[in-house]
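After the structure tokens below, expect a handful of questions from me.
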Amino acid sequence: MTRSKRALITGITGQDGAYLAELLLEKGYEVHGMVRRSSSERFERIEPLLDRIQLHEGDLIDQLSLVRLLEKIKPTEVYNLAAQSFVPTSFSQPLLTGEVTALGATRMLEAIRVVDSQIRFYQASSSEMFGKVPTEPQDESTPFWPRSPYGVAKVYAHWITVNYRESYDIYAVSGILFNHESPLRGTAFVTRKITDAVARIKHGLLDKLRLGNLDAERDWGFAGDFVEAMYLMMQQDSPRDYVIATGQKHTVRQFVELAFDRAGLDWEDYVELDPAFLRPAEVNTLCGDASKAKQELGWKPKVNFQQLVNMMVDADLHRVERMKDGLLP
Ligand code: NDP
Ligand code: GDR
């Protein structure tokens, strides 16, 4: 008998949570999201979905809240997207980052082991685990050399996922995703920081954009494409880990150039270097090889770099224009 598909997404209020929830609803899932208590609501990204999803209070730091949620919802799949995901904050709050990003995954795996080991588990692993590794492009066999407390925490979460799969026969998979962006990306991350600033500068609301390392290279893809890979990884006969990437890398400077250009501006008139945005240890370059995902999952990205930049700039230009017209807060 096939069970009806019921997903629990941790981190549903984040960028990927919003795209994944939408995708799973399209696939006919009953979608549940775990949200942590806050003094203000942070549901902007999932606002259009609120009447079709069910939200529940819980926190990756609180073991029993996870156990209770699994008992109540009885999900068939858990997507663990929740994390302290911002690299600079992991340097200023390394212990919190370890608690949430590393031990949080263990707590959810423990909850699955105790409540129902048939529940499938997806762990949001990251290219930040590769960090300073000299081999390029990186694939599933590349060793890890994380460069931040965030990267180290993700390595722990990655290996605990592998360990629970091997120890308890749980369908637990880890998607090693390279940077993926969208108009829903948080404004602290460099791509959205740039496109938001471009829009504000264009509309006369900002004079300068201050950035750190313009030479850093990343393999940037579109979040909407990447959540499809998460879903596919959870539908296989046996659980395996996959690198998800576009295979193309660009510098932050190239992103800046294209973004300002899209708005008809010359970036050199507006961008200033600010050492405050440099990191104690940097990941200079990352580029992934997603051949295994292509072969086994039939996954490949649809949106290329230029299209991604255009999509993000256009969305921010539109948003800031509406804000100026008083149509948005
Ligand atoms: P975001 O930072 O946008 O979202 C993080 C989510 O985690 C938010 O919903 C946040 O809730 C939630 N969260 C944070 N702490 C807790 C906690 N203690 N308990 C419960 N929920 C918590 O991340 P993304 O959507 O960009 O990324 C999703 C996942 O994928 C993360 O794990 C990230 O590390 C990983 N990843 C992301 C990549 C990317 O390029 N985007 C690449 C590779 C991996 P709140 O809204 O309350 O803050
Ligand atoms: P990253 O993303 O650290 O790769 O982690 P981020 O966009 O923060 O930085 C990318 C690169 O840009 C450089 N940079 C700046 N970064 C920020 N945030 N602000 C700046 O002003 C700035 N100037 C230059 C950075 O030094 C870096 O080299 C993201 C997160 O989503 C993680 O959770 C995820 O795991 C990885 O991507 C894959």
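Got at least one residue in the stretch 75-90 being over 15 Å from the mean Cα position of the chain (by Cα), open to solvent by less than 60 Å² (accessible area, probe 1.4 Å), within 14 Å of ligand 1 (Cβ to nearest atom) and β-branched (Val, Ile, Thr)?
Yes.
Also, I was wondering about something else. How many residues does the stretch 181-220 contain that are among the hydrophobic types (A, V, I, L, M, F, W, C) and away from ligand 1 (no atom under 16 Å from the Cβ)?
Residues meeting the conditions: 9.
Pull out all pairs, ordered by first then second residue, where Cβ-Cβ is under 6 Å, the residues are six or more apart or on different chains, the first lies in the stretch 57-84 and is within 17 Å of Asp116 (Cβ to Cβ), and the second is hydroxyl-bearing (Ser, Thr, Tyr).
Correct list of pairs: Gly58/Ser65; Tyr79/Tyr122; Asn80/Thr10.
Among the residues of the stretch 297-309, are any of a type in the set (Val, Ile, Thr), more than 20 Å from the chain's Cα centre (by Cα) and open to solvent by 10 Å² or more (accessible area, probe 1.4 Å)?
No, there is no match, as no residue in the stretch 297-309 is of a type in the set (Val, Ile, Thr), more than 20 Å from the chain's Cα centre (by Cα) and open to solvent by 10 Å² or more (accessible area, probe 1.4 Å).
I've got another one for you. Report whether or not Tyr150 is part of a helix (DSSP H, G or I), surrounded by 21 or more Cβ atoms within 10 Å (Cβ to Cβ) and away from ligand 2 (no atom under 16 Å from the Cβ).
no
When the residues of the stretch 181-193 are narrowed to those that are within 11 Å of ligand 2 (Cβ to nearest atom) and open to solvent by less than 20 Å² (accessible area, probe 1.4 Å), which ends up nearest to Val283 (Cα to Cα)?
Thr191
On to the next question. Of everything in the stretch 263-292, what is under 25 Å from Gly247 (Cβ atoms) and in contact with an Asp or Glu (Cβ under 9 Å, 6 or more places away or on another chain)? Give them in sequence order.
Val283, Asn284, Thr285, Leu286, Cys287, Gly288, Asp289, Ala290, Ser291, Lys292
Considering Ile61, Ile12, which residue is closer than 30 Å to Ala281 by Cα and either at pLDDT below 95 or surrounded by fewer than 19 Cβ atoms within 10 Å (Cβ to Cβ) (or both)?
Residue meeting the stated conditions: Ile61.
The values are calculated or read from the model by the stated rules, or taken from the named source; none is laboratory data. Please read these numbers as outputs of a predicted model, since none were measured by experiment. All Cβ positions, glycine included, derive from the backbone under ideal geometry; neighbour counts span all protein chains shown. For accessibility, only protein heavy atoms count, side chains too; no ligands or nucleic acids. Shrake-Rupley method; radii C 1.70, N 1.55, O 1.52, S 1.80 Å.
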